[in-house]
1. Give the whole-number value, in cubic angstrom per residue, of the convex hull volume spanned by the C-alpha atoms of region 130-210.
2. How do the peptides 327-337, 82-92 rank, highest first, by the average count of neighbouring beta carbon atoms within 10 Å per residue?
3. Once R0 is set to 51 Å, what does the formula 1/(1 + (r/R0)^6) return for the Cβ-Cβ distance between Val90 and Ser390, expressed as a FRET efficiency to the nearest 0.05?
4. Distance from the Cα centre of region 192-225 to that of region 336-374, in angstrom?
5. Check each of the GluC sites (Glu not before Pro) in region 90-186 and keep only those in coil by DSSP with at most 12 other C-beta atoms within 10 angstrom; list them in order.
6. Cβ under 14 Å from Phe363's Cβ, Phe363 left aside: what net charge do those residues give with Lys, Arg +1 and Asp, Glu -1?
7. If you wrap region 320-363's Cα atoms in a convex hull and average its projection over all directions, what's the area in nm²?
8. How much length, in nm to one decimal, is gained on full extension between Ser146 and Lys411, taken as 0.36 nm per residue of separation minus their Cα-Cα distance?
Amino acid sequence: MRLRIAFKIVAIVIIVVFLFSTGFWLGVNFDFIKEYIFKTGTSNVAEPDSSNLNSNSTSNGVSIESINETLDLVYRNALNKKSLPELIRVAIEGILTSLDDKHAEYYSMEEYNQIMESYGGTISGIGILISEDDEGRKVVVMPIESSPAYRAGIKEGDIITEVDGVNIEDMSLDKVVVLIKGEEGTSVNITIYRESEDKTFDVDLIRETIYIPNLFSEILEDNIGYIQYFGFQENGAQKLKEEIEKLIGDGAEGIIFDLRNNLGGVLSDAVEVCDLFLDDGTIITVKGRKDDKESFEEFKAKSGIYTEIPLIVLTNKFSASASELVAGSLQENDRAIIVGEKSFGKGTVQVLYELSDGSGIKFTTAKYYLPSGISIEGEGIRPDILVSLSPDDEEDLQLNKAVEEMQSFIKKSITN
């Protein structure tokens, strides 16, 4: 009997964000805001480019300078006094709110730094992977074995409702992450609703420093290589290549590539991962807007390295963004069979920019499309072989099915 595999992800959360670049200036030429930012931020930031945002009135009579005047007047004269940082923040948030973009968000310097830390090698947290369901609830995808959350009895499917007494119902996933994370040795109180038992309870946890690996691999029975890919990050494909080399050196004749609970990451890494297994064809196209123009970028496969070895990809409802891109591209290029459950369905691209004072903003800039031209936004990737899995299953039925299919592939390859 193959017991359900103990997932070896070691992170509090992987944010569902595509990272293209950093370094962005809001572009508004407010002299007193600029003075504040340069005093509190870095002194070597380039002057903002105001060529497209000057004090001249726009077509409807509203000028950029009027925003400057409003902030100045309110800051100096309003009875309900607000600090300059508060006013700047709500001004930026107002711009983002106008986009009607559920992914748009503003982050303070501290929030931005904590989010970026999630892409590094270690974090300080409680050891859970969380995502957001269709109702906006923050759901525990899995507790990490031996982590504070695991030891406290937090389970897959638990719904987080409060963090340190703060109701998080209408809070973005990113902000919830910031609340949960914190300095090693500090405490955090998590309120959990367990739907299966219809009960709510509090858990007090002490944060620990946790190492975040990029992947885990092993040889399963019958010379089947197994790789679980936790998140797409810079240089991740290179690490994957090295791991595949090791597996093949150890006798692997087929690869099961596990993208379950992989919430996404860096677009370039997703493309490079696909390119390891493809030697021609379109990987993905991205259509959006950049520098006030429509943008279009098509990523083509180059000379792949592992184009012949049998490949099966595992997905579930928490496979999102970059993991869906990879699964869908390999599926449509007839390079892999998908086993498991329909994926999350996130086909939009968000860019995370760092502002000059160390804070940050995120908003949607594009959609990506599979080789067929289909967008998976709200649709997800449908597996070739549907296998459902619940937290109560004692065996990993999805992995079992993938192993069964791979055994068949290997036997056919030997026969041919």
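Just so it is clear, none of the values below were taken in a lab; they were calculated from the coordinates. Predicted model only: the values in this text are computed from it and were never measured. A quick note on method: Cβ atoms are made from the backbone with ideal geometry, for glycine too, and the neighbour counts reach across all protein chains shown.
1. Here the figure is 89 Å³ per residue.
2. Values: 327-337: 21.7, 82-92: 15.2.
Ranked by mean Cβ neighbours within 10 Å, highest first: 327-337, 82-92.
3. On the way: r = 44 Å, r/R0 = 0.86.
So, using R0 = 51 Å, E works out to roughly 0.70.
4. Here the two parts' Cα centres lie 24 Å apart.
5. Numbers: sites: Glu93, Glu105, Glu110, Glu111, Glu117, Glu132, Glu135, Glu145, Glu156, Glu162, Glu169, Glu183, Glu184; in loops: Glu135, Glu145, Glu156, Glu169, Glu183, Glu184.
Here the GluC sites (Glu not before Pro) that fit, given the DSSP loop and packing criteria, are Glu135, Glu169, Glu183.
6. Numbers: positive: Lys102, Arg289, Lys290, Lys362, Lys367; negative: Glu93, Asp100, Asp101, Glu105, Asp174, Glu354.
Residues close to Phe363 contribute a combined charge of -1.
7. Values: hull surface 16.7 nm².
In nm², the orientation-averaged hull projection of region 320-363 is 4.2.
8. On the way: separation 265, 0.36 × 265 = 95.40 nm, distance 3.85 nm.
Extending this stretch completely gives an extra 91.6 nm.
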